[in-house]
1. How big is the A-B contact in terms of buried accessible area, both chains counted, 1.4 Å probe, rounded to the nearest 100 Å²?
2. For region A:30-62, run through the trypsin sites (Lys or Arg not before Pro) and keep only the ones in DSSP coil with at most 14 other Cβ atoms within 10 Å of their Cβ.
3. With 22 Å as the limit, write out which pairs from A:Lys35/A:Lys89; A:Lys188/B:Lys149; A:Lys63/A:Lys169 have Cα-Cα distances beyond it, or answer none.
4. To one decimal in nm, how far is A:Leu143 from the same spot in the other copies, if labels go 7 Å from Cα toward Cβ? Please give the shortest first.
5. 5 Å is the cut-off here: which amide hydrogens, built 1.01 Å from N in the peptide plane, fall below it relative to B:Ser101, excluding neighbours closer than 5 in sequence?
6. Per-residue mean of other chain beta-carbon atoms within 10 angstrom of the beta-carbon, peptide A:111-123?
7. Specify which residue in the list B:Leu16, B:Gln42, B:Ala59 is farthest towards the positive end of the charge dipole of region B:4-120, using unit charges on the beta carbon of Lys, Arg (+1) and Asp, Glu (-1), about the Cα centre.
8. For peptide B:88-97, what's the mean number of Cβ atoms from other chains within 10 Å of each residue's Cβ?
Number of protein chains: 2
Amino acid sequence: MLSEVLIQSISKIHPLSQALIDRLSNVTRQVSFPKKTTLLTQGNICDKVYFIEKGLARAFYLKEGQEVTSWLMQENDFIFSVNSFYGQKPSYENIELLEDSILTSLGYHELQSIYRDFLEFNIIGRVLTEYYYTLSEERTFSLRLQTTKDRYESLLKMQPEIFNRVPLKYIASYLGMSAETFSRLRAKVK
Amino acid sequence: MLSEVLIQSISKIHPLSQALIDRLSNVTRQVSFPKKTTLLTQGNICDKVYFIEKGLARAFYLKEGQEVTSWLMQENDFIFSVNSFYGQKPSYENIELLEDSILTSLGYHELQSIYRDFLEFNIIGRVLTEYYYTLSEERTFSLRLQTTKDRYESLLKMQPEIFNRVPLKYIASYLGMSAETFSRLRAKVK
DNA sequence: AAATCAACTTGACATAAATCAAGAAATAAA
DNA sequence: TTTATTTCTTGATTTATGTCAAGTTGATTT
């Protein structure tokens with residue numbers, strides 16, 4: 001089944017024919033998972049992309065036993081491991097849910113066959129890829145150029161709601177600092 | 001004019017019809033620039049994508065007056081500022097040539113019209129975007145997770161030739177460290 | 001070839017942030 | 001509600017890396 005929100009979201013990029021909607025309906029599945037569910041474990045191949053209808057997810061790597069959050073995504077975002085999904089090779093990142101969530105999933109091979117059968121879906125795929133690539137570059141820019149304080153303040157400004165939904169220790173590593181440094185920063189700035 | 005190398009490079013992704021080759025030939029231009037030429041200055045909109053036929057380029061940001069190299073690209077790579085080109089908004093990165101170079105350029109609007117007129121070109125655009133996105137993620141992963149020493153050794157292993165073509169100070173900031181730290185690291189590892 | 005300029009190295013020192021550790025607060029479970 | 005677990009805070013200390021500075025080497029230019 002295809003949610004109205006998902007249809008809206010992608011038809012904004014390019015109108016969907018009825019045939020394409022039908023095909024998407026046939027190959028996607030809506031699933032519910034409780035908080036803390038692992039969607040992808042490192043070493044495995046990411047063979048699905050998920051759209052978050054409701055909920056919140058994070059990706060993290062392990063650095064010497066410690067978890068480092070690489071991204072946080074919420075409603076109306078697509079989530080998957082970039083390296084693993086596109087290259088269909090083992091992932092070095094993990095994906096888990098931070099809240100009870102409702103997701104729509106689409107398998108890698110099903111997606112490829114849609115790209116083959118519906119040329120116009122490549123427009124949608126291209127534009128979405130460009131969008132998420134841009135987001136990713138902005139995160140990297142922030143990590144490289146901003147000080148810890150700047151990064152904290154940017155996030156506070158851009159996504160204030162995230163601070164109520166995500167444990168601060170995850171936000172700390174997402175911003176590229178230890179939980180202690182982050183805690184001290186918050187005490188200072190506030 | 002369209003170089004054989006460029007045709008090869010993109011037709012590997014999806015075969016090019018003669019009409020598409022003709023169209024590409026009409027809208028691309030081969031240009032030669034000397035070393036140190038600036039292709040993009042921050043604040044301006046990146047309105048072209050370049051394919052490097054021969055030569056080498058780097059992108060950099062300014063961080064408190066200091067240049068921070070964000071990427072280095074050589075032959076057979078496409079270069080542009082991701083944020084600026086896709087969003088057609090002012091760039092915060094600069095692009096300059098580190099060697100005398102031969103490039104093939106394609107304007108943003110010409111590219112969009114090809115996407116419109118040749119649906120199959122969206123396959124090529126999508127796959128290339130996926131590829132460069134993956135590269136970018138790998139760079140970010142390296143910055144986040146590896147120690148300075150690991151990053152140096154990875155680069156030495158993956159792209160040893162770069163050390164002979166690029167001033168080490170640029171490589172230092174590309175690897176996210178000061179020129180001094182990089183110099184000490186090299187003395188140590190060698 | 002000399003002079004000029006840019007790139008690289010090395011040392012001394014400063015500093016931001018990590019780590020270690022312990023306790024407080026908040027949240028979840030019994 | 002009490003207990004247990006997780007999250008967050010605060011302090012003391014260490015460490016990696018940045019900054020400043022001076023000198024050397026190498027490359028370009030005249």
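The values are calculated or read from the model by the stated rules, or taken from the named source; none is laboratory data. Keep in mind the model is a prediction, meaning the values are calculated, not measured. We place every Cβ from the backbone using ideal geometry, glycine too, and count neighbours over all the protein chains shown. For accessibility, only protein heavy atoms count, side chains too; no ligands or nucleic acids. Shrake-Rupley method; radii C 1.70, N 1.55, O 1.52, S 1.80 Å.
1. Protein heavy atoms only, the A-B interface buries about 3600 Å².
2. Values: sites: A:Lys35, A:Lys36, A:Lys48, A:Lys54, A:Arg58; in loops: A:Lys35, A:Lys36.
For trypsin sites (Lys or Arg not before Pro) across region A:30-62 that sit outside H, G, I, E and B with at most 14 neighbouring Cβ atoms in 10 Å, the list reads A:Lys35, A:Lys36.
3. A:Lys35/A:Lys89; A:Lys188/B:Lys149
4. Taking the point 7 Å beyond Cα along Cα→Cβ, the inter-copy spacings are 0.7 nm.
5. B:Phe33, B:Lys35
6. Values: counts 0, 0, 0, 0, 4, 1, 0, 1, 6, 2, 4, 11, 8.
Counting other chains' Cβ atoms within 10 Å and averaging over A:111-123 gives 3.
7. The Cα lying farthest towards the positive end belongs to B:Gln42.
8. Average per residue, whole number: 1.
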